[in-house]
1. Within the chain, what percent of beta bridges assigned by DSSP are antiparallel, to the nearest 5?
2. By count of other Cβ within 10 Å, fewest leading, how are Val9, Val102, Val97, Val57 ordered?
3. Determine the relative contact order of the stretch 2-128: mean sequence separation of Cα pairs under 8 Å and six or more apart, normalised by residue count, in whole percent.
4. Measure of size requested: the Rg and Dmax of the chain, with Cα atoms as the atom set and Å as the unit; please supply both.
Amino acid sequence: MKIIRNIIVKQILTEKSKQELFIRFQQQIEQLNKEIAQLRFEKKKYEKTKKTQTSPVALSQFDKEISSRTEKCKLLHFQMEQLEILPLGTELKEAEVQGIVVINVGDNWDELTKERTIIIKDGIIDEIR
């Protein structure tokens, strides 16, 4: 019989991976800032075209979306600060994937169900635990 189970993927922090994460965070912040600017533009455009019938619900939706992206930017800035503090060699949870495990009668259930982890170092699988 085969079962599907979750496997945690962790990345070992190296100078190269630290730099890549930093760049990824910066790109996400830039994208969010572009989206914020676009939403502000769309809000002003909406206000001008619908002067007599401006819906407070629609305007609050614009504000909600802008606020959401602003919070994401703050979180990314915080993560960048934390990244600077982390020492090299730290294991960071990168993702969770699903894997198929073959089970048979007589297998040790505790061994099959204990947490599995894949360790990646600079994009290469370093260890499977």
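All of the numbers you see were taken from the coordinates with simple rules; none came from a lab. Everything numeric here is computed off the predicted structure, so don't read it as measured data. Note that we place each Cβ from the backbone using ideal geometry, even for glycine, and neighbour counts take in every protein chain shown.
1. Percentage antiparallel, nearest 5: 70.
2. Val57, Val102, Val97, Val9
3. It comes to 57 percent, rounded to a whole number.
4. Here Rg and the maximum Cα pair distance are 22.7, 75 Å.
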